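Engineer: Can you keep this structure in mind? I'll have questions shortly.
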Amino acid sequence: MRRSALITITLASFLTPFTLSSVNVALPTIGSEFGVDAITLNWIATAFLLSSAMFLVPFGRLADIKGRKRVFVTGMTVFTAGSLLSGVSNSAEMLIAFRVLQGIGGAMVFATGIAILTSVFPIKERGKVLGINVASVYTGLSFGPFFGGILTQNFGWRSVFLVNVPLGVLVVAIALWKLKAEWADAKGERFDITGSVIYSLMLVLIMIGVSESSPILITAGLALLITFILWESRIEHPVLEIKLFRRNMTFAFSNLAALLNYSATFAVTYLLSLYLQYIKALTPQQAGAILVAQPVVQAMLSPFAGWLSDRIEPRVVASAGMAVTAMGLFVFSGINSSTSISMIVANLMLMGFGFALFSSPNTNAIMSSVEKKFYGIASATLSTMRVVGQMLSMAIVMLVFAIYIGKVLITPEVYSLLIESTRTSFAIFSLLCFFGIFASLARGRIR
């Protein structure tokens with residue numbers, strides 16, 4: 001059953017990030033077909049992230065109570081159905097709605113995949129298996145822009161979604177056929193419905209508040225954040241273990257560093273996809289081939305960075321990676337219509353190097369800072385930081401686009417505003433990464 005579990009989770013771990021990164025390349029084509037403005041285009045990308053972030057923590061807790069296999073299979077089924085429906089959408093509003101459905105399924109998969117592998121494999125094999133899982137995630141991110149561009153250019157944007165359907169059906173079939181056991185380590189414990197609702201509403205209010213430049217919604221979201229922390233601190237079976245953040249500074253600052261890193265970097269592919277196709281007039285396939293430079297370098301060097309963090313204090317390696325990433329983002333803040341493609345590729349490779357130095361050592365620091373009984377919680381918390389960071393990254397772009405461009409179609413008349421929006425977004429991201437260096441350094445020693 002171990003091999004079947006590894007194959008199943010590896011395929012699922014490839015599929016969800018592949019979808020996430022491939023859609024970015026298809027967005028200009030989608031925008032052209034539906035005639036939507038820049039803000040709506042952002043929502044097509046963000047809807048998946050928002051719904052994933054809303055449900056990831058609650059589904060992770062539900063899986064511990066009701067069974068991880070059950071939640072995983074349900075998640076893959078929902079994700080596959082969402083992919084099919086997204087591929088046959090006939091309006092931007094319909095596509096956004098089905099992207100939300102995709103994200104709900106993705107949240108179930110994110111919340112259970114690593115937990116299933118941890119449950120199946122013994123401790124002595126766990127590191128190798130989780131390394132394979134991380135590699136599959138990076139491979140999905142790497143192949144997404146490249147194959148997304150090929151699919152969009154040759155078969156239309158709908159193929160980016162429809163290609164998930166047979167793979168999703170295969171994953172569900174293997175899981176039902178080969179995974180005979182069920183894992184529910186918290187069986188019988190109560191599910192924190194109140195905390196889950198507060199958590200989900202908090203994220204929705206903050207996200208919409210940032211994208212719509214609404215101080216009222218942002219304030220309401222922050223008030224719910226405080227309410228959530230207070231509620232989770234006083235109940236017996238919380239949906240998110242708040243105490244770990246208060247009592248473990250390494251855990252807290254490592255997760256903060258992850259949040260800042262993802263907030264500063266996720267929208268890079270989205271911004272450059274628009275820039276390359278609108279400003280440089282490249283095809284989706286050409287844009288995808290350029291964007292693949294960053295994740296390929298990251299995938300190649302991540303194992304080395306993880307090995308290095310076993311020998312050098314992880315905070316040193318991760319902080320160096322954050323600094324390299326901040327430098328790359330700062331370089332992109334000077335992008336203009338005459339910026340050469342070779343410079344973009346070189347800087348993407350530099351950022352890939354920075355991502356690699358940060359990601360594996362930071363994960364190592366988080367997992368090494370907690371006792372074995374908290375491995376599941378630590379893994380789920382890191383996943384939450386990733387998804388929330390990705391969501392905030394897109395929210396920042398939405399806010400900048402709303403200020404500079406507004407709700408208008410991206411036409412040659414607004415190309416200069418698109419460039420200014422891109423430059424401003426990268427400047428904000430470089431500043432976030434700069435602060436992330438100090439969060440990374442503040443985590444303290446592990447060894």
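The values are calculated or read from the model by the stated rules, or taken from the named source; none is laboratory data. Computed from a predicted model, the values in this text were never measured in an experiment. Neighbour counts run over all protein chains shown; Cβ positions are idealised from the backbone, glycine included.
This table checks each residue for (1) over 30 Å from E413 (Cβ atoms); (2) in contact (Cβ under 8 Å) with a residue 60 or more places away in the chain.
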position	(1), (2)
P28	no, yes
V36	no, yes
V78	yes, no
A81	yes, no
Q102	yes, yes
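Engineer: Okay, moving on. When the residues of region 391-418 are narrowed to those that are closer than 15 Å to Y278 by Cα and not in a helix (DSSP H, G or I), which ends up modelled with the highest pLDDT?
Structural biologist: I405
Engineer: Scan region 51-69 and give yes if some residue there is surrounded by fewer than 22 Cβ atoms within 10 Å (Cβ to Cβ) and in contact with a Gly (Cβ under 6 Å, 6 or more places away or on another chain), otherwise no.
Structural biologist: no
Engineer: Yes or no: region 36-45 includes at least one residue that is outside any helix (DSSP H, G or I) and aliphatic (A, V, I, L, M).
Structural biologist: Yes; the residues of region 36-45 include at least one that is outside any helix (DSSP H, G or I) and aliphatic (A, V, I, L, M).
Engineer: Separate question: Regarding region 428-447, can at least one residue be identified that is assigned to a loop (DSSP other than H, G, I, E, B) and buried (at least 24 other Cβ atoms within 10 Å of the Cβ)?
Structural biologist: yes
Engineer: In addition: Looking at region 396-426 only, could you name the residues that are aliphatic (A, V, I, L, M) and either farther than 24 Å from L259 by Cα or touching a Gly at 6+ places or on another chain (Cβ under 9 Å) (or both)?
Structural biologist: I403, I405, V408, L409, I410, V414, L417, L418, I419
Engineer: Out of the residues in region 267-304 meeting the condition of being outside any helix (DSSP H, G or I) and among the β-branched types (V, I, T), tell me which one is modelled with the highest pLDDT.
Structural biologist: Per the stated criteria, the residue is T283.
Engineer: If V316 satisfies all but one of (1) in a helix (DSSP H, G or I); (2) buried (at least 17 other Cβ atoms within 10 Å of the Cβ); (3) among the β-branched types (V, I, T), what's the number of the condition it fails?
Structural biologist: Exception for V316: condition (2).
Engineer: Among the residues of region 329-344, is any within 25 Å of L56 (Cβ to Cβ) and surrounded by fewer than 22 Cβ atoms within 10 Å (Cβ to Cβ)?
Structural biologist: No: zero hits.
Engineer: Same structure, new question: What number of residues within region 242-266 satisfy the criterion of being outside any helix (DSSP H, G or I) and crowded, with 19+ Cβ neighbours inside 10 Å?
Structural biologist: The qualifying residues number 2.
Engineer: Hey, another quick one. Which residues, taken from region 325-351, are in a helix (DSSP H, G or I) and either at pLDDT below 90 or in contact with a Phe, Trp or Tyr (Cβ under 6 Å, 6 or more places away or on another chain) (or both)?
Structural biologist: Result: A326, L329, F332.
Engineer: Which of the following residues is part of a helix (DSSP H, G or I), of a type in the set (K, R) and under 21 Å from the mean Cα position of the chain (by Cα): R70, R61?
Structural biologist: R61
Engineer: While we're looking at this one, here's another question. Give the number of residues within region 17-30 that are surrounded by 23 or more Cβ atoms within 10 Å (Cβ to Cβ), at pLDDT 85 or above and not hydrophobic (A, V, I, L, M, F, W, C).
Structural biologist: Within region 17-30, residues that are surrounded by 23 or more Cβ atoms within 10 Å (Cβ to Cβ), at pLDDT 85 or above and not hydrophobic (A, V, I, L, M, F, W, C) number 2.
Engineer: Follow-up. Can we say S273 is closer than 20 Å to G144 by Cα, of a type in the set (S, T, N, Q) and crowded, with 24+ Cβ neighbours inside 10 Å?
Structural biologist: Taking the combined requirement at face value, the residue satisfies it.
Engineer: With the structure loaded, tell me whether S421 is at pLDDT below 75 and either surrounded by fewer than 16 Cβ atoms within 10 Å (Cβ to Cβ) or among the polar types (S, T, N, Q) (or both) or whether it fails that test.
Structural biologist: No; evaluated as a whole, the condition is false for this residue.
Engineer: Being hydroxyl-bearing (S, T, Y) and at pLDDT below 90 is the filter; apply it to region 217-261 and report the residue that is farthest from the chain's Cα centre (by Cα).
Structural biologist: Looking at residues that are hydroxyl-bearing (S, T, Y) and at pLDDT below 90, I get S233.
Engineer: Please verify whether region 366-375 includes one or more residues that are farther than 30 Å from F253 by Cα and either out of contact with any strand residue (DSSP E or B) (no Cβ under 6 Å at 6 or more places or on another chain) or among the aliphatic types (A, V, I, L, M) (or both).
Structural biologist: no
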